[in-house]
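Read-outs: derived from the displayed coordinates by stated rules, not from any lab. These numbers come from a predicted model, not from an experiment. We place every Cβ from the backbone using ideal geometry, glycine too, and count neighbours over all the protein chains shown.
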Amino acid sequence: MKLSDLLNNTTTKRDALKPAFNTGEIPTQQNFNELIDDLFLIQGDTLYKDATSGLGIQAGTDAAKSVLHFYDDPTQEPAWSIGIQNGFELKDTTGASRLLITPTGQVAIGTNALEGKKLLISGESRFRGLVDIWGDHNEDIESSWLYNLTLVNNQNIDNTFTRLFFSSDSSGLGAIGVNRISEFQGDLHFQTRNGPGYLTTKMFIKHNGTVGIGTTTPNYTLTLNDATGGGGLIEMRRGTGTARFLMDNNKDHIYITTGTSSATNGLFIHSTGNVGVGTTSPSEKLHVNGSIIIPSASNTSNHGLIAVSNDYFFYDSKRISNYGVGFYGYTGSAISGGINTYVSGHFGIDFFTAGAHQMRIERGGAVGIGTKNPNYRLHVYSSTESWLGVETPSGTNNVGILLKKANYTWQMYQPANSNNLNFWNSSNSVVGELTPGGNLHLRGQVGSLSDGRFKQNIQPISSNAIAKLTQLQGATYQWRTEEGQDFDEGTYIGFIAQEMKKLYPDLVSENQDGHLSINYTGLIPIIVEANKQQQQRIEDLQTQVANLTAIVSNINQA
């Protein structure tokens, strides 16, 4: 209702009532009744004010109507009205709700449709100062904070933005916005500006969960893009420490470096997959410019060293700079073991243990074990006792050595399920066999060197030596196998070495254990000479018998 209409409804006009209260006039009781009852349309006791309380106003019998009206023109509808039907509600001149506070504490600004929210603002809003928004329940994360502040785009149209805008008094500085893709999909944009112009998206979270920084088209869980072409992408700090990830503009390379050092001092991954450490031009899959130290897990003073052209390693009056590349077990200043390839001297590979040289492979393929100057394809040297072993743990396997020259092959091996040592030739046939008892079986002849060109002080065998043959005592015997000498069982024919030594000491030899052996071949010349003497005696006797036979024959004829 217009204020003018309200005033017209009073029983006494205000202008007519005023003269009764002029100076010198005495208002009548009726004047006071009109002033109190008619001027404010008071019904009963709906308006009250005393000295100790505020002004009390009671709504009319129709609660849907406003309680208090504010006018800026008595000929117009009220500019603002306050009603209490839904709570404390402030309406504009059209009757539209502009502020509503419900008895439960819900607040609506620009609308009276709270939609169950604690605070609902319809239209653009601006806040000055600090705004705190608290949840009042302890549900899951989405309920406890995600919905405390809701920005609604009521257009329900795809590819439209709902944004939270940040600005100074003169211009917008940043925004967080969601672009509706569909009813249940939205992309989140974080936008800023750097000078005049529009806000641009600096970070982007796609509805599928991929994140883009510097791009709105992330292809992976996190995609970083520097559209300005700068080299830096990621910098990490802790205290005063810094680590960085860098890229070349328009190139598929990456650098990982620390502090303010040059990219060449860190790790570099080329687009080909080659990795460089200390270099940005790796020529192989791993290219290290410098040394590699591999510490142990328990003691960092005992560690491995891979040295490349530096002086960590010192051996044989040469430093690693003389050798090339090396792999070492490194303990303090001592080399505990390693492998070194070098480019001077022998052009080969050296192997070390306990700080000492153990094996060398020459550039021609010769291998020296215990020697740095191998004279053979395999040269084994030791200043102490040396063994070359070939072993198999199973008795069902052959084990041996194969020697081959051109198309001819020799094998010396111990056959499966046997303790003998066999000798084979290219035709895969056994030409010799040596038993654990010392018996040697050969398929061919046995010859001993007897070239007179290598002999001196040649003397005929003395008659005394020949005469001793009659003192030799041949014997049959069995070996005492319980002595642990791997003797073969069976009965043998031969001589006793101790008896032979008394007659022919030159035919008996003694090994380091004091065991005696007989050179049976040495008996042959003695037997030959004895046989010759015996033959001479036979011939002499035959001559004597012939002479005697002739004499007897002559006597008989006489």
*Residues listed by number, the range 516-538, amide nitrogen under 13 Å from Q498 label point at 7 Å toward C-beta*: 516
*asked:* Roughly how far apart, in whole Å, are the Cα centres of the range 420-444 and the range 216-287?
replied: 70 Å
*Just in the range 435-496: which GluC sites (Glu not before Pro) are loop by DSSP and have at most 16 other Cβ atoms within 10 Å?*
E489
_Pairs from K251/K285; K91/K117; K206/K251; K18/K91; K91/K118 whose Cα-Cα separation, in the structure shown, is over 28 Å_ = K18/K91
*What are the residues whose amide H is under 5 Å from the amide H of V67, where those residues sit 5 or more places off or on another chain and H is modelled from the backbone?*
I82, G83, I84
*asked:* Run through the range 63-99 and list the trypsin sites (Lys or Arg not before Pro) located in a DSSP loop whose Cβ has at most 16 other Cβ atoms within 10 Å.
replied: K65
*asked:* As an exercise, identify the trypsin sites (Lys or Arg not before Pro) in the range 232-264 lying in DSSP coil whose Cβ has no more than 12 other Cβ atoms within 10 Å.
replied: K251
*Would you pull out the residues with amide H under 5 Å of D248's amide H, same chain only if 5 or more places away, H placed 1.01 Å from N?*
H253
_Can you tell me the length gained on complete extension of the stretch S171 to A227, counting 0.36 nm per residue apart and subtracting the Cα distance?_
17.7 nm
_Going by amide H atoms built from the backbone, whose H comes under 5 Å of the H on I121, apart from near neighbours?_
I109
